[in-house]
Amino acid sequence: MNAQSETPAACHPSVRRWIYLRGTLIGLMVAAWWIFFAPDDLMEPGLKNILGVVAGLIATGSYLFNLRQTLYPSKSTPTVDEDR
């Protein structure tokens, strides 16, 4: 009867693949912006590339961290209908 409780606990592999791809692309865009468009007055040119890569990794990690419940839902988390 209840459609919410019948949904599988794991995220579908194709959805997980798209989430990882989006996270990687967001990280690449942030890193590319930092490397190509950040002002040279802020840092040394050699440090600019390293900080661009670090900023991209942080962007990717934060995106995936915020979607951790979507990627790997816990089985012990009750749904809205189970609380009633």
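The values are calculated or read from the model by the stated rules, or taken from the named source; none is laboratory data. Keep in mind the model is a prediction, meaning the values are calculated, not measured. Virtual Cβ from ideal backbone geometry, glycine too; neighbours counted across all protein chains shown.
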Restricting to the range 48-66, what's the tally of residues that are surrounded by fewer than 18 Cβ atoms within 10 Å (Cβ to Cβ) and of a type in the set (S, T, Y)? 1
For the range 45-84: of the residues being assigned to a loop (DSSP other than H, G, I, E, B) and charged (D, E, K, R), which is modelled with the highest pLDDT? K75
Considering only residues of the range 1-37 that are at pLDDT below 75 and either of a type in the set (A, V, I, L, M, F, W, C) or part of a helix (DSSP H, G or I) (or both), which is farthest from K48 (Cα to Cα)? M1
